[in-house]
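Asker: Next up is a structure, given as structure tokens.
The values are calculated or read from the model by the stated rules, or taken from the named source; none is laboratory data. Given the structure is predicted, the values throughout are model-derived calculations rather than measurements. Please note: Cβ atoms are built from the backbone with ideal geometry, for glycine as well, and neighbour counts cover all protein chains shown. What goes into the accessible areas is simple: the full protein's heavy atoms, side chains included, and nothing from ligands, DNA or RNA. Shrake-Rupley method; radii C 1.70, N 1.55, O 1.52, S 1.80 Å.
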Amino acid sequence: MKFNYLVLFITAVIPLFTGFFWYGPLFKNAWMKEMNFTEESMKGANMRLIFGLSYVLGLIISAGLIPVVIHQIGIFSTLAGESGFNEQSGEAYATFTSLMEQYGNRFRTFKHGAFHAGLLGFFIAMPILAIQAMFERKSFKYITINVGYWVVTLAIMGGVVCQWL
């Protein structure tokens, strides 16, 4: 399978952009209140480190979304270990090539990727964040703000990965 890996590097920026709006104009006051942050307490952080690590983590998320939003990866991973596949020969490789010619572009849309990644946000990120927040004694509002961010962010990332990778 051929991928445009530049898309992963671009997609890794999406959490930063989404966060800029989500934790800025959209929910800044509510989020800061739930976190017990003030404008003063927000100053002094090493933003280069925070943004740099966030970008690296965004790359990991982008790569992790590939098998979730691109169904053809399942075909590839099923056949890739077969004899001759890596040398681009043999029955498995011929089957893979034939399937990709016929079905390689199926479900490769922004809408489809956004749907599956949004489900990932709801069924994976939401329970993880909610469990953690409950033990940290955080409010329901705190949970919904953060879960909403991740569902939206993952949906956008998944859409981009599925459509353009």
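Asker: Could you check the stretch 83-154 for helices (runs of 4 or more DSSP H) lying wholly inside it with 1 or more residues that are open to solvent by 40 Å² or more (accessible area, probe 1.4 Å) and within 18 Å of residue 18 (Cβ to Cβ)?
Answerer: Here the list reads 110-120, 126-135.
Asker: Look at the stretch 34-52 and say how many of its residues are among the acidic types (Asp, Glu) and either open to solvent by 80 Å² or more (accessible area, probe 1.4 Å) or more than 14 Å from residue 23 (Cα to Cα) (or both).
Answerer: 2
Asker: For residue 118, indicate whether it is touching a Leu at 6+ places or on another chain (Cβ under 8 Å) and touching a residue at least 40 places away in the same chain (Cβ under 8 Å).
Answerer: Yes; evaluated as a whole, the condition is true for this residue.
Asker: I'd like to know if the stretch 5-12 contains one or more residues that are farther than 28 Å from residue 137 by Cβ and part of a loop (DSSP other than H, G, I, E, B).
Answerer: The answer is yes; a qualifying residue exists.
Asker: I've got another one for you. Test residue 67 against the criterion of being open to solvent by 50 Å² or more (accessible area, probe 1.4 Å) and either modelled with pLDDT of 95 or more or within 19 Å of residue 154 (Cβ to Cβ) (or both), and give yes or no.
Answerer: Considered against the rule, which asks whether it is open to solvent by 50 Å² or more (accessible area, probe 1.4 Å) and either modelled with pLDDT of 95 or more or within 19 Å of residue 154 (Cβ to Cβ) (or both), residue 67 comes out as yes.
Asker: On to the next question. Before we move on, is residue 18 surrounded by 11 or more Cβ atoms within 10 Å (Cβ to Cβ), in contact (Cβ under 8 Å) with a residue 60 or more places away in the chain and assigned to a helix (DSSP H, G or I)?
Answerer: yes
Asker: Give the residue that is nearest to the chain's Cα centre (by Cα), with candidates limited to residues of the stretch 53-63 that are open to solvent by 40 Å² or more (accessible area, probe 1.4 Å) and closer than 24 Å to residue 144 by Cβ.
Answerer: 61
Asker: Is it the case that residue 3 is open to solvent by 80 Å² or more (accessible area, probe 1.4 Å) and under 24 Å from the mean Cα position of the chain (by Cα)?
Answerer: Spelling it out, it is not the case that residue 3 is open to solvent by 80 Å² or more (accessible area, probe 1.4 Å) and under 24 Å from the mean Cα position of the chain (by Cα).
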